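Every read-out reported here was derived from the displayed coordinates using simple, explicitly stated rules and does not represent laboratory data. No experiment lies behind these values; they were computed from the predicted model shown. Cβ placement follows ideal geometry from the backbone for every residue including glycine, while neighbour counts extend to all protein chains displayed.
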Amino acid sequence: MPEGEGIKLEQGAEPVALFNADGEFYAIGDTCTHGDWSLSEGYMEDCEVECTLHMAKFCIKTGRVTAPPATAPVKSYPVKVEGDDIWVDFDAGTLPDGR
Ligand code: FES
């Protein structure tokens with residue numbers, strides 16, 4: 001998985017976007033909360049991803065909105081790296097407020 005890119009995972013109840021940020025992996029809900037658009041196709045810079053439809057930005061570590069027009073966060077998911085394997089816990093997604 002190339003650095004600076006994301007991929008869409010569809011093994012869980014909802015699609016998840018997995019990002020490689022300089023060798024650190026983060027997973028957040030893939031569906032932008034402003035519209036039905038895939039964040040894994042967005043532009044990633046530092047620890048933010050920009051939705052390609054209307055340019056809302058989300059923190060890939062927490063799922064928080066960092067730029068409008070989106071106002072609601074997406075969930076973040078625990079990620080564990082073991083050797084060449086990357087594990088995402090699809091059942092443990094949480095919103096930034098812990099819900
Ligand atoms: S659908 Fe993502 S910003 Fe509008």
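Among the residues of region 37-48, count how many are under 14 Å from S76 (Cα atoms) and either more than 10 Å from the ligand (Cβ to nearest atom) or assigned to a loop (DSSP other than H, G, I, E, B) (or both). Here the count works out to 3. Of all the residues in region 11-36, those that are in a loop (DSSP other than H, G, I, E, B), in contact (Cβ under 8 Å) with a residue 12 or more places away in the chain and out of contact with any strand residue (DSSP E or B) (no Cβ under 7 Å at 6 or more places or on another chain) number 9. Residues that are over 13 Å from the mean Cα position of the chain (by Cα), more than 9 Å from the ligand (Cβ to nearest atom), farther than 21 Å from G98 by Cβ and assigned to a loop (DSSP other than H, G, I, E, B) do not occur anywhere in region 59-76.
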